[in-house]
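Visitor: Got a structure here, written out as structure tokens. Questions coming.
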Amino acid sequence: MVLVELNTASAIVSFTKKLEEDSAKLYRELAEKEKEKEKEKERREMFLSFAKENRDNETIVERAYYGVISDQVESSFFEALDTEEYGIDTKRSRDLGGIVEIEETIQRFYLDAAERLRSFLPDVSNAFNRISKRRRKRQKMLLEVDG
Amino acid sequence: MNISITKLLGAKAHIEGEEQSRPQMGKEHKILKYAARYWIMILEEPLKKIVKLKNYIDGEWADSQSDQILDVVNPATCEPMGKVPLSTRAEVWRAVEAAQEAFEDWRDTPPVTRARYLFRLKGLMEDNFEFLSRVQTMEHGKTIDESRGETRRGIENVEVACGTPSLMMGYNLEDIATGIDEQLIRQPLGVFCTLPAFNFPFMIPLWFMPYAVATGNTFIIKPSPRDPISQEKLCDLVDRAGFPPGVVNVVHGGAEVASVLLDHPDVKGVSFVGSTNVGKDVYQRCGEAGKRVIAQCGAKNFLVIAEDAPLDKTIPALMSSFFGNTGQRCLSGANAIVMGKDEFYDRFISAFIDVASRIRVGYGLDESVQMGPLQSKESKERVLGYIEKGVEEGAKLRLDGRKIKIVGDYPDTCFLNPAVFEGVTPDMTIGREEVFGPVASIMRAGNMDEALDMIHDNPYGNASCIFTSSGKLAREFQRRVRAGNVGINIGIAAPMAFFPFGGMKDSFFGVLHGQGREAVRFFTESKVVIQRWF
């Protein structure tokens, strides 16, 4: 089997975008599901706020990357990340436990990517660390809702 | 700045494994399935049709009357993507005339107003960032990260030039004698032109043009005919930014067009980036004609690796230095001088070859690709000649870049893989001359004195770098090495836009350099006024 590795900054940024878009879609769908249930209003709002935050995350990453990419930085020659490690299945994991797992996977990706890029694109690395903290906070919120 | 992910272009190699295991699946289906699973990103080509390049003279796009037309070819796919004219002498003269006519009004435009045109241009460049970057990948072959880096560096020069109202200020002193004051003012000279190289088709003209026009000069760009499309796209943005006609002009062509510009009496100065042989000629002709000149020329850059260098950080930096932009940059590493004991050398060479051998080579719009093709078939042939010379002269070819392995189903016409020579000496052709390709020559030195002797024996002095954990060693290197751009634990010592792009020995001819304050000085002359009022 051919495995694709994230071995360039561009690939990492695109993969990040994909993760954020996929999980935003999941939260929008979950919010839609809760629409009819008045008592789940709070949960619905939380899902919608997560989807909105995902868009912010994309912007943070894109701004960091496009702001510092230069002909000087070593943006293409670092130890690769394996996409296999960070795949998320948003179709299957619809219960809160599954969603927390997705968030953990995404957070792990951000932490690992931040580590890889630390020496070469520190601004992007910092942005990843910032988002990983958001994802950690999100996991706590999900677990609290789950009761 | 949106990164769109589209259908894969020629990514057959990616799916070879799947094809073999499940031959009954349709190829397209397999590609898409594979892409969906592993998020292979192959970015969309922004140019779908062949671009017929036009000159931009006096604010108008005009077809050249020349019957000499060259193809612009995408070096990864080998498909033609443009037709570029070699403009006539009359067209070049018309461009100079337009620039000369525009000069008086433009120099009367206040600097702060001139800067506002550049602010608008910067905004347009940001809006078109991704488009401009992908065009560079298509016409030059570099990876998308490299193209985006080039776009960013170009924009940074526009940003710095936006500060011209401050940068251009002179100075004064009241009472140089009783009742007498003296001041220095900087004034533009007139028409300037640039003759850039092919290796950074978008960025190089931007080392000069923004400063020239911000200081009140008018400008002519003669892009490299090998990859002129991104300059035309830039000029389109110049037009949209509303620059007055004649302030910025583009004339396409080759050496003959350059020659007409060099000899034109109304051209006050020239910036050139290219080979040392041509650069010397440009320098000499400008000197004879009394023109200002910046001639940034060839290079043979040495990178010293001390025994205390952290290899985990050093090797990726070296990969970028030697193989980034497929080795086609004047700041590329060429010779690595490894200092220290055999044990360190063995660890170094083994790590270097291991990482170099795993570099993914292919079309730069494939985001998994780390090194693109050479810019042309001729460039590749030139590099092949050097590899053969290296073997003939007794260097040990540890990684043979001639064994081509590329990602995707592309013709190998312009592709090479990274090559690594061991046992290279400074007198060998590959140790001495600029290869301008993905070839690393590994040398050894016993100590800093020996390493510096090797560096200084070479006629070039563009860049030199050291990798070390010792501040003392780094300081000694920085102080003693005769190179215009020095990197300490940096593999590509590319000065930011607010610093001059250095160069010494046969790598630079001139006095002032491109970028930043030096560019402002290059494009202005100092006038001293001494005044007394009765």
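The values are calculated or read from the model by the stated rules, or taken from the named source; none is laboratory data. Remember, predicted model here, so these are calculated numbers, not experimental data. Neighbour counts run over all protein chains shown; Cβ positions are idealised from the backbone, glycine included. What goes into the accessible areas is simple: the full protein's heavy atoms, side chains included, and nothing from ligands, DNA or RNA. Shrake-Rupley method; radii C 1.70, N 1.55, O 1.52, S 1.80 Å.
Visitor: For the range B:293-308, give me each residue that is small (Gly, Ala, Ser) and under 19 Å from B:VAL424 (Cβ atoms).
Guide: B:GLY298, B:ALA299, B:ALA306
Visitor: Identify the single condition in (1) within 21 Å of B:ARG94 (Cα to Cα); (2) more than 20 Å from the chain's Cα centre (by Cα) that B:CYS162 does not satisfy, given that it satisfies every other one.
Guide: With respect to (1) within 21 Å of B:ARG94 (Cα to Cα); (2) more than 20 Å from the chain's Cα centre (by Cα), B:CYS162 is out only on (1).
Visitor: Out of B:GLY461, B:GLY423, I need the residue that is open to solvent by less than 10 Å² (accessible area, probe 1.4 Å), over 19 Å from B:ALA317 (Cα atoms) and in contact with a strand residue (DSSP E or B) (Cβ under 9 Å, 6 or more places away or on another chain). Which one?
Guide: So the residue among B:GLY461, B:GLY423 that is open to solvent by less than 10 Å² (accessible area, probe 1.4 Å), over 19 Å from B:ALA317 (Cα atoms) and in contact with a strand residue (DSSP E or B) (Cβ under 9 Å, 6 or more places away or on another chain) is B:GLY461.
Visitor: Where the second residue is of a type in the set (S, T, N, Q) and the first is assigned to a strand (DSSP E or B) and lies in the range B:240-257, which pairs have Cβ atoms under 8 Å and are six or more apart or on separate chains?
Guide: B:VAL248/B:THR218; B:ASN249/B:ASN55; B:ASN249/B:THR218; B:VAL250/B:ASN55; B:VAL250/B:GLN231
Visitor: Would you confirm, using the coordinates I've provided, whether B:SER271 is in contact with a Leu (Cβ under 8 Å, 6 or more places away or on another chain) and either touching a residue at least 40 places away in the same chain (Cβ under 8 Å) or over 22 Å from B:GLY503 (Cα atoms) (or both)? Please lay out each step first, then the result.
Guide: Details: in contact with a Leu (Cβ under 8 Å, 6 or more places away or on another chain): yes; either touching a residue at least 40 places away in the same chain (Cβ under 8 Å) or over 22 Å from B:GLY503 (Cα atoms) (or both): yes.
Against the criterion (in contact with a Leu (Cβ under 8 Å, 6 or more places away or on another chain) and either touching a residue at least 40 places away in the same chain (Cβ under 8 Å) or over 22 Å from B:GLY503 (Cα atoms) (or both)), B:SER271 qualifies.
Visitor: Turning to a different aspect of this structure: Answer yes or no: is there a residue in the range B:74-95 that is open to solvent by 80 Å² or more (accessible area, probe 1.4 Å) and of a type in the set (A, V, I, L, M).
Guide: no
Visitor: Counting only residues that are more than 14 Å from chain A (Cβ to nearest Cβ) and among the acidic types (Asp, Glu), which one in the range B:140-195 is nearest to B:VAL260 (Cα to Cα)?
Guide: By that ranking, first place goes to B:GLU182.
Visitor: Among the residues of the range B:101-115, is any in contact with a helix residue (DSSP H, G or I) (Cβ under 7 Å, 6 or more places away or on another chain), farther than 22 Å from B:GLY254 by Cα and within 14 Å of another protein chain (Cβ to nearest Cβ)?
Guide: No: the range B:101-115 contains no residue that is in contact with a helix residue (DSSP H, G or I) (Cβ under 7 Å, 6 or more places away or on another chain), farther than 22 Å from B:GLY254 by Cα and within 14 Å of another protein chain (Cβ to nearest Cβ).
Visitor: If I ask for residues that are small (Gly, Ala, Ser) and surrounded by 15 or more Cβ atoms within 10 Å (Cβ to Cβ), which ones from the range B:276-296 would you list? Walk me through it before giving the result.
Guide: Applying the first criterion (small (Gly, Ala, Ser)) to the range B:276-296 yields B:279, B:287, B:289-290, B:295.
Selection gives B:GLY279, B:ALA289, B:ALA295.
Visitor: Against the condition open to solvent by 30 Å² or more (accessible area, probe 1.4 Å), at pLDDT 95 or above and small (Gly, Ala, Ser), how does B:GLY385 come out, does it pass?
Guide: Numbers: open to solvent by 30 Å² or more (accessible area, probe 1.4 Å): yes; at pLDDT 95 or above: yes; small (Gly, Ala, Ser): yes.
It is true that B:GLY385 is open to solvent by 30 Å² or more (accessible area, probe 1.4 Å), at pLDDT 95 or above and small (Gly, Ala, Ser).
Visitor: Please work out which residue is surrounded by the fewest Cβ atoms within 10 Å (Cβ to Cβ), limiting yourself to the range B:320-345 and to residues that are within 14 Å of chain A (Cβ to nearest Cβ), part of a helix (DSSP H, G or I) and hydrophobic (A, V, I, L, M, F, W, C).
Guide: B:PHE323
Visitor: Still on this structure: Suppose we filter A:SER76, A:SER132, A:SER49, A:SER119 for residues that are more than 12 Å from the chain's Cα centre (by Cα) and modelled with pLDDT of 95 or more; which single one remains? Write out each step before concluding.
Guide: Numbers: A:SER76 fails: modelled with pLDDT of 95 or more; A:SER132 fails: more than 12 Å from the chain's Cα centre (by Cα); A:SER119 fails: modelled with pLDDT of 95 or more.
Result: A:SER49 is the single residue among A:SER76, A:SER132, A:SER49, A:SER119 that is more than 12 Å from the chain's Cα centre (by Cα) and modelled with pLDDT of 95 or more.
Condition check ((1) open to solvent by less than 40 Å² (accessible area, probe 1.4 Å); (2) basic (Lys, Arg); (3) within 14 Å of chain A (Cβ to nearest Cβ)) across all residues:
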| residue | (1), (2), (3) |
| --- | --- |
| B:ARG360 | no, yes, yes |
| B:TYR363 | yes, no, yes |
| B:VAL369 | yes, no, yes |
| B:LYS377 | no, yes, no |
| B:GLU381 | no, no, no |
| B:VAL391 | no, no, no |
| B:GLY401 | yes, no, no |
| B:GLY408 | yes, no, yes |
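Visitor: Tell me, which strands (runs of 3 or more DSSP E) lie completely within the range B:96-212 with 1 or more residues that are modelled with pLDDT of 95 or more, crowded, with 24+ Cβ neighbours inside 10 Å and β-branched (Val, Ile, Thr)?
Guide: Values: elements: B:171-177, B:180-188, B:191-195.
Those strands (runs of 3 or more DSSP E) span B:191-195.
Visitor: Would you mind finding the one in B:ALA356, B:ALA395, B:ALA351 that is within 14 Å of chain A (Cβ to nearest Cβ) and crowded, with 22+ Cβ neighbours inside 10 Å?
Guide: Result: B:ALA356 is the single residue among B:ALA356, B:ALA395, B:ALA351 that is within 14 Å of chain A (Cβ to nearest Cβ) and crowded, with 22+ Cβ neighbours inside 10 Å.
Visitor: Also, I was wondering about something else. Residues of the range B:479-507 being open to solvent by 50 Å² or more (accessible area, probe 1.4 Å) and either in contact (Cβ under 8 Å) with a residue 12 or more places away in the chain or part of a loop (DSSP other than H, G, I, E, B) (or both), which ones? Give the derivation first.
Guide: Of the range B:479-507, the ones open to solvent by 50 Å² or more (accessible area, probe 1.4 Å) are B:479-480, B:482, B:486, B:488-490, B:496, B:498-499, B:504-505.
Passing the criteria: B:ARG480, B:ARG482, B:VAL486, B:ILE488, B:ASN489, B:ILE490, B:MET496, B:PHE498, B:PHE499, B:MET504, B:LYS505.
Visitor: Among (1) crowded, with 20+ Cβ neighbours inside 10 Å; (2) modelled with pLDDT under 85, where does A:ALA64 come up short?
Guide: Unmet condition: (2).
Visitor: For the range A:1-55, how many residues are within 14 Å of another protein chain (Cβ to nearest Cβ), open to solvent by less than 60 Å² (accessible area, probe 1.4 Å) and not in a helix (DSSP H, G or I)?
Guide: Number of matching residues: 5.
Visitor: Here's something else I'd like to know. With B:ALA62, B:ALA36 as the choices, which residue is at pLDDT 50 or above, within 12 Å of chain A (Cβ to nearest Cβ) and surrounded by fewer than 16 Cβ atoms within 10 Å (Cβ to Cβ)?
Guide: B:ALA36
Visitor: For the range B:373-387, indicate whether the set of residues that are assigned to a loop (DSSP other than H, G, I, E, B) and within 16 Å of B:SER441 (Cα to Cα) is non-empty.
Guide: So far as the range B:373-387 goes, no, none of its residues is assigned to a loop (DSSP other than H, G, I, E, B) and within 16 Å of B:SER441 (Cα to Cα).
Visitor: Moving on to the next point. Only one of A:GLU62, A:GLU84 is more than 30 Å from B:PRO201 (Cα to Cα) and within 14 Å of chain B (Cβ to nearest Cβ); which? Steps first, answer last, please.
Guide: On the way: A:GLU62 fails: more than 30 Å from B:PRO201 (Cα to Cα).
Going through A:GLU62, A:GLU84 in turn, just one is more than 30 Å from B:PRO201 (Cα to Cα) and within 14 Å of chain B (Cβ to nearest Cβ): A:GLU84.
Visitor: With assigned to a helix (DSSP H, G or I), within 14 Å of chain A (Cβ to nearest Cβ) and without any contact (Cβ under 8 Å) to a residue 24 or more places away in the chain as the only criterion, which of B:ASP312, B:ASP281 stands out?
Guide: Checking each option against the conditions leaves just B:ASP312.
Visitor: Charged (D, E, K, R) and in contact with a strand residue (DSSP E or B) (Cβ under 6 Å, 6 or more places away or on another chain), is that true of B:LYS505?
Guide: Taking the combined requirement at face value, the residue satisfies it.
Visitor: Kindly provide the set of residues from the range B:440-454 that are open to solvent by 10 Å² or more (accessible area, probe 1.4 Å) and either assigned to a loop (DSSP other than H, G, I, E, B) or of a type in the set (Val, Ile, Thr) (or both), ordered by number.
Guide: Within the range B:440-454, B:GLY446, B:ASN447 meet the criteria.
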